[in-house]
Amino acid sequence: MPPTRPSIDLTAGALADHLCAAIADHTARVTVIGQGYVGLSVAAAAAAAGMHTTGVDLDAGRIESLSAGQQVVAGVDDELFAEAFTTGRMSFSTDPSVVAGSDVVLICVPTPLIDHRPDLAAVEGAGFAVGEHLQPGTVVILESTTYPGTTEQILQPLLEGHGRKAGHDVLLAYSPERINPGDTAHGFAGVPRVVGGLTPACTQAAAAFYGQLVGIVHEVSSCRAAELAKLLENTFRLVNIALVNELAQLCADQGIDTWEVIEAAATKPFGFMPFYPGPGVGGHCIPLDPAYLTWQSRRDTGRPFRLVEMAKDINDQMPIYTARRIMDSLNERGCAVNGARLLALGVTYKPDVGDVRESAAIQVLAQLDAWGADLSFHDPFVDEIDEHGVRLHRRELTEDLVRSADAVLLLTPHATYDLEALADQAGLLFDARNATGMRDRPNVEVL
Ligand SMILES: NC(=O)c1ccc[n+]([C@@H]2O[C@H](COP(=O)([O-])OP(=O)(O)OC[C@H]3O[C@@H](n4cnc5c(N)ncnc54)[C@H](O)[C@@H]3O)[C@@H](O)[C@H]2O)c1
């Protein structure tokens, strides 16, 4: 059994001060429930910052690998993990009773959608496990993406009982993870943290913790404000991407170059931020998180959140639209899509990450497959595809393969692709994201 920290009989304000002092002198002990992309990243950051940290996960295999110093979670910064692991301050366990000896407990578990409805089973499971072992004097912080009210309505009751009361002898806050996978320009420490607690003392303690890990901590007045801030960020992207995706369709009909229009608008130094069209929105954040908002709006007010629902609908149509544009491009060259040899390059949801969740590229391939295309693919991060009825093994990317294709489909332009060579060698290069910037070439078609 881990050591149990003695309980502290203090007011909430004094308790927050006590925690802040322990965090500042790095004697605070941290437990992170959920060792996925989000949980392992914050656990490594806490250990690297000087705090003894235990990562807890239900997945015994993952815990075994991490305990042996093997970084097995896709997308987590290998250098940060290695730095944290070598300090000796990082350990891993499948046993949530380590919570009993912790000053700071983070919950970073999945919050998927099932049938377009939030599934908070993992938050409930983690909350229950934490509640079983929680000691007075601890701050608990939820990081999972969710709808406003989750921290107070779902998590808080699981932490209370046994004489404990959140906001009094246990502190509770919400702080969304905002990492952008694959974005080396914005590392963990460089992304400001939004923190909102149940009470000012809760916010104070949680903000002190993140103050050790990142440059800027932005405090808000409640857990709900912090929860909604995260959903606003991702909904903002969803809506703006839908805007340019619909604009791209209008431009194609009108014979106007979408990319030229966006580049021109982006010269305005205020009031405009460029977004770019593509074959659809993928990953497990942007397509999913806004659904928390639309679901909650319908549940609590009976009203649809119209703009967001429409944006999702527009983006969801993009894989089919992209497949149609590919079919048109082939048709203009006298080639039927049925039987056409199509080589897809890049099938992950965005460049330079190995994640195929909700990948629009694979949905494009599913449509082309349904039309009878003879498909092959290459992606440096993906060995095989087995989704939406598409089953393919990666081909080696050779000049012969490129030259023998009726069309090369640049769906997700990873940095390793030599775009100049592809444009020289391909009979038709369909560039779904204008990565080549070569839309003037007769053999290059851009979405
Ligand atoms: N991945 C991202 O880019 C990202 C960015 C921002 C926010 N988020 C959000 O953060 C949350 C976590 O995302 P993730 O990508 O790290 O998820 P993940 O699926 O990669 O990892 C979650 C981990 O939690 C573990 N787990 C589930 N229930 C548990 C329990 N009761 N006790 C211990 N471990 C448990 C799972 O075994 C898994 O290893 C989600 O709400 C997600 O939406 C993710």
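Give just the number: which of (1) more than 14 Å from the ligand (Cβ to nearest atom); (2) within 18 Å of residue 176 (Cα to Cα) does residue 75 not satisfy?
Going through (1) more than 14 Å from the ligand (Cβ to nearest atom); (2) within 18 Å of residue 176 (Cα to Cα) one by one, residue 75 breaks only (1).
Please tell me if residue 45 is of a type in the set (A, V, I, L, M), open to solvent by less than 50 Å² (accessible area, probe 1.4 Å), within 15 Å of the ligand (Cβ to nearest atom) and in contact with a helix residue (DSSP H, G or I) (Cβ under 8 Å, 6 or more places away or on another chain). Please lay out each step first, then the result.
On the way: of a type in the set (A, V, I, L, M): yes; open to solvent by less than 50 Å² (accessible area, probe 1.4 Å): yes; within 15 Å of the ligand (Cβ to nearest atom): yes; in contact with a helix residue (DSSP H, G or I) (Cβ under 8 Å, 6 or more places away or on another chain): yes.
Spelling it out, residue 45 is indeed of a type in the set (A, V, I, L, M), open to solvent by less than 50 Å² (accessible area, probe 1.4 Å), within 15 Å of the ligand (Cβ to nearest atom) and in contact with a helix residue (DSSP H, G or I) (Cβ under 8 Å, 6 or more places away or on another chain).
Taking the stretch 358-381 only, how many residues are in contact with a strand residue (DSSP E or B) (Cβ under 7 Å, 6 or more places away or on another chain), part of a loop (DSSP other than H, G, I, E, B) and over 28 Å from residue 289 (Cβ atoms)?
Of the residues in that region, 1 qualify.
If residue 364 satisfies every condition in (1) under 30 Å from residue 261 (Cα atoms); (2) of a type in the set (Val, Ile, Thr); (3) open to solvent by 30 Å² or more (accessible area, probe 1.4 Å) but one, which is the exception?
Among (1) under 30 Å from residue 261 (Cα atoms); (2) of a type in the set (Val, Ile, Thr); (3) open to solvent by 30 Å² or more (accessible area, probe 1.4 Å), residue 364 violates only (3).
Please specify each residue of the stretch 366-418 satisfying the condition of being within 23 Å of residue 353 (Cβ to Cβ) and among the basic types (Lys, Arg).
391, 394, 395
Identify the residue in the stretch 247-277 that is of a type in the set (S, T, N, Q) and in a helix (DSSP H, G or I) and, among all such residues, is nearest to residue 321 (Cα to Cα).
For the stretch 247-277, the residue satisfying everything is 249.
When residues of the stretch 48-59 are filtered for being within 12 Å of the ligand (Cβ to nearest atom) and open to solvent by 60 Å² or more (accessible area, probe 1.4 Å), how many remain?
Going through the stretch 48-59 one residue at a time, the tally reaches 2.
Among the listed residues 155, 106, which satisfies the condition of being open to solvent by less than 40 Å² (accessible area, probe 1.4 Å), under 22 Å from residue 24 (Cβ atoms) and either more than 10 Å from the ligand (Cβ to nearest atom) or out of contact with any helix residue (DSSP H, G or I) (no Cβ under 7 Å at 6 or more places or on another chain) (or both)?
Among 155, 106, only 106 is open to solvent by less than 40 Å² (accessible area, probe 1.4 Å), under 22 Å from residue 24 (Cβ atoms) and either more than 10 Å from the ligand (Cβ to nearest atom) or out of contact with any helix residue (DSSP H, G or I) (no Cβ under 7 Å at 6 or more places or on another chain) (or both).
From the list 355, 424, 386, which one is part of a helix (DSSP H, G or I) and open to solvent by 20 Å² or more (accessible area, probe 1.4 Å)?
424
State which residue pairs qualify: first residue under 18 Å from residue 248 (Cβ atoms) and inside the stretch 276-296, second residue within 10 Å of the ligand (Cβ to nearest atom) in any location, beta carbons under 6 Å apart, and separation of 6 or more residues or different chains.
As it stands, the answer is 286/234, since those pairs meet every condition given.
Working only within the stretch 199-231, note down all residues that are open to solvent by less than 20 Å² (accessible area, probe 1.4 Å) and of a type in the set (Val, Ile, Thr).
Hits for the stretch 199-231 are 203, 214.
Given the structure, is residue 145 touching an Asp or Glu at 6+ places or on another chain (Cβ under 6 Å) and either surrounded by 22 or more Cβ atoms within 10 Å (Cβ to Cβ) or among the polar types (S, T, N, Q) (or both)?
Here the answer is yes, as residue 145 does meet what is asked.
Just a yes or no: is a residue in the stretch 60-71 more than 26 Å from residue 354 (Cβ to Cβ), near the ligand (Cβ under 8 Å from one of its atoms) and either in the same structural domain as residue 23 (by TED's automatic domain parsing) or under 20 Å from the mean Cα position of the chain (by Cα) (or both)?
The first filter runs over the stretch 60-71 and keeps only residues more than 26 Å from residue 354 (Cβ to Cβ), leaving none.
No, because not a single residue in the stretch 60-71 is more than 26 Å from residue 354 (Cβ to Cβ), near the ligand (Cβ under 8 Å from one of its atoms) and either in the same structural domain as residue 23 (by TED's automatic domain parsing) or under 20 Å from the mean Cα position of the chain (by Cα) (or both).
Could we say that residue 245 is polar (S, T, N, Q) and surrounded by fewer than 18 Cβ atoms within 10 Å (Cβ to Cβ) here?
Working: polar (S, T, N, Q): yes; surrounded by fewer than 18 Cβ atoms within 10 Å (Cβ to Cβ): no.
Spelling it out, it is not the case that residue 245 is polar (S, T, N, Q) and surrounded by fewer than 18 Cβ atoms within 10 Å (Cβ to Cβ).
Can you tell me which residue within the stretch 292-313, out of those that are touching a Lys or Arg at 6+ places or on another chain (Cβ under 7 Å) and not hydroxyl-bearing (Ser, Thr, Tyr), is farthest from the ligand (Cβ to nearest atom)?
By that ranking, first place goes to 304.
Scan the stretch 158-177 for residues that are in contact with a strand residue (DSSP E or B) (Cβ under 8 Å, 6 or more places away or on another chain), within 15 Å of the ligand (Cβ to nearest atom) and not hydroxyl-bearing (Ser, Thr, Tyr) and report the count.
Count: 2.
The values are calculated or read from the model by the stated rules, or taken from the named source; none is laboratory data. All values derive from a computational prediction rather than experimental measurement. Every residue, glycine as well, gets a Cβ built from its backbone with ideal geometry; the counts of neighbours run over all protein chains shown. What goes into the accessible areas is simple: the full protein's heavy atoms, side chains included, and nothing from ligands, DNA or RNA. Shrake-Rupley method; radii C 1.70, N 1.55, O 1.52, S 1.80 Å.
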